[in-house]
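Input: a single structure, listed below in structure tokens.
Read-outs: derived from the displayed coordinates by stated rules, not from any lab. What you see is a predicted model; the values in this text were computed from it and never measured. Quick reminder, even Gly has a Cβ in these numbers, built from the backbone with ideal geometry, and neighbours come from all protein chains shown.
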Amino acid sequence: MTQTSRAVRIHAHGGPEQLVVDTVEVGEPGPGEVRIRHEAVGLNFIDVYQRTGLYQNPLPLTLGMEGAGVIEAVGPGVMHLKAGDRAAYAAGMPGSYSDLRVMPAMNVCQLPDAIDFETGAAMMLKGLTAQYLLRRCRPVEGLEPGDFVLFHAAAGGVGLIACQWAKALGLRLIGTAGSDEKCALAEAHGAEFTINYRTENFAERVKDITAGQGVKVVYDSVGKDTWDGSLDCLRPFGLMVSFGNASGPVPPFAPGILGPKGSIYVTRQTLFTHINSRERTQAMANDLFQVVGSGQVQIRIDQRFALTDARLAHESLEARKTTGCTVLLP
């Protein structure tokens, strides 16, 4: 049976004006697939990268990497889900900006009854990102309670989750943000120290906070604007974790600079390497569900837009007017 669905798509790369609402046909799920009807959809900066063409995908493209809703049908071989299940996902295949979609079941997880659809849609990509950063991207000397870490964009969707999770792990998180209000928000969510990077030199402040020692790890989704300063924040053998390009891609650099800065390590991470199997996805999701269900991490949704207003949502995100998470509602 073929159904129709609204889908927010781009037919050419560019600004938010490229987002249009189309009507598309949605068929039955094939082997290893499910059909899910969305109740809420998450907004992420990776959606902007795909819209602009920084991350290339075939066109026309339905945007969106995370969502939550109800499973309508499952294809052959899908054992962990059934029709009627509440579900949520972050997936490597775009397409969540829609009422309905068919997608691979590998990254779709049952959503616990205690977590509502909006929270599920808002937390999967950002929460799983925080999970792999704090749990898996660790410096060579390890990461223990009491250690300092630096987290850029601490008042954003990933940042507010990471502030809370880091505190639960006993880490001393230093967060940066672009306004005093955003710094206060990060502190309210567990950041021990915050730095307004528009009014302060964050590298100098980090050295002051850590008594000149530096941090064991920097988590950086900003990219070009924070790269050089971030390297200077690391202690010897520290780890620079790049996982985004909000200010633009990091320009090429000479690996030789890493030695004089303390024999530091650099890695570029993406969530989709970490969730490349059903078992790994479920294990990471279980960790996320546990910290959210226990109340150690609360998912803050500060913006809600109708699905058809995705253009306005993108404009707000790019202007850095958003805090916490943003959801689109079909």
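From zero up to wherever the largest Cα-Cα distance of segment 138-268 sits, split into 10 Å bins and tell me the percent of pairs in each.
Over segment 138-268, the share of Cα pairs per 10 Å bin runs 14, 48, 33, 4 percent.
Size of the dipole of the chain about the Cα centre, Lys and Arg at +1 and Asp and Glu at -1 on the beta carbon, nothing else charged, in debye to 20? It would help to have the intermediate numbers written out before the result.
Working: 30 positive and 34 negative charges, 101 e Å.
I would put it at about 480 debye.
Taking Lys182 as the anchor, which lysines have their alpha carbon closer than 28 Å to its alpha carbon, excluding any fewer than eight residues away along the same chain?
Lys182 reaches Lys126, Lys167, Lys207, Lys216, Lys224, Lys321.
Could you give the size of the charge dipole of segment 138-268 about its Cα centre, using +1 on the Cβ of each K and R and -1 on the Cβ of each D and E, expressed in debye and rounded to the nearest 20? List each step's numbers first, then the result.
Details: 12 positive and 14 negative charges, 60 e Å.
Taking the Cα centre of segment 138-268 as origin, the dipole is about 280 debye.
Show me the ranking of peptides 245-258, 76-89 by mean Cβ neighbours inside 10 Å, starting with the highest.
On the way: 245-258: 12.4, 76-89: 16.6.
For the peptides 245-258, 76-89, the packing ranking is 76-89, 245-258.
So for the pair Ala283, Asp180, with labels modelled 7 Å out along Cα→Cβ, what separation do we get in nm?
4.6
Average the reciprocal distances over every distinct pair of alpha-carbons in segment 25-79, invert the result, and give the Kirkwood radius in Å. All intermediate terms of the calculation are to be shown ahead of the outcome.
Values: mean 1/r = 0.0770 Å⁻¹.
Computed over Cα pairs of segment 25-79, the Kirkwood hydrodynamic radius comes out at 13.0 Å.
Take the alpha carbon atoms of segment 154-232, find their center, do the same for segment 77-114, and report the distance between the two centers in whole angstrom.
The two parts, judged by their Cα centres, are 33 Å apart.
Work the Kirkwood hydrodynamic radius out for segment 196-265: mean of 1/r over every pair of different alpha-carbon atoms, inverted, in Å.
Numbers: mean 1/r = 0.0811 Å⁻¹.
Across segment 196-265, the inverse of the average 1/r is 12.3 Å.
Per the Cauchy relation, a quarter of the hull surface: what is the mean projected area of the convex hull of the alpha carbons in segment 1-157, in nm²?
Details: hull surface 46.0 nm².
About 11.5 nm², averaged over all directions.
Would you please give the FRET efficiency between Gln3 and Ser263, computed as 1/(1 + (r/R0)^6) with r the Cβ-Cβ distance and R0 = 41 Å, to the nearest 0.05? The partial results should precede the final answer.
On the way: r = 57 Å, r/R0 = 1.39.
It comes to 0.10.
Calculate for the chain the 222 nm mean residue ellipticity that helices alone would give, adding -39,500 (n - 2.57) per DSSP H run of length 4 or more and normalising by residue count, nearest 500 deg cm²/dmol. Can you show the working numbers first?
Details: 9 runs with 92 residues, N = 330.
About -8000 deg cm²/dmol.
Report Rg/Rh for the chain, rounded to two decimals, where Rg is the Cα radius of gyration and Rh the Kirkwood radius. Numbers along the way, then the final one.
Values: Rg = 19.8 Å, Rh = 20.2 Å.
Taking Rg over the Kirkwood Rh, I get 0.98.
If only Cα atoms are counted, what is the Rg of segment 181-330, and what is its Dmax, in Å?
Calculated on Cα positions, Rg and Dmax stand at 17.9, 52 Å.
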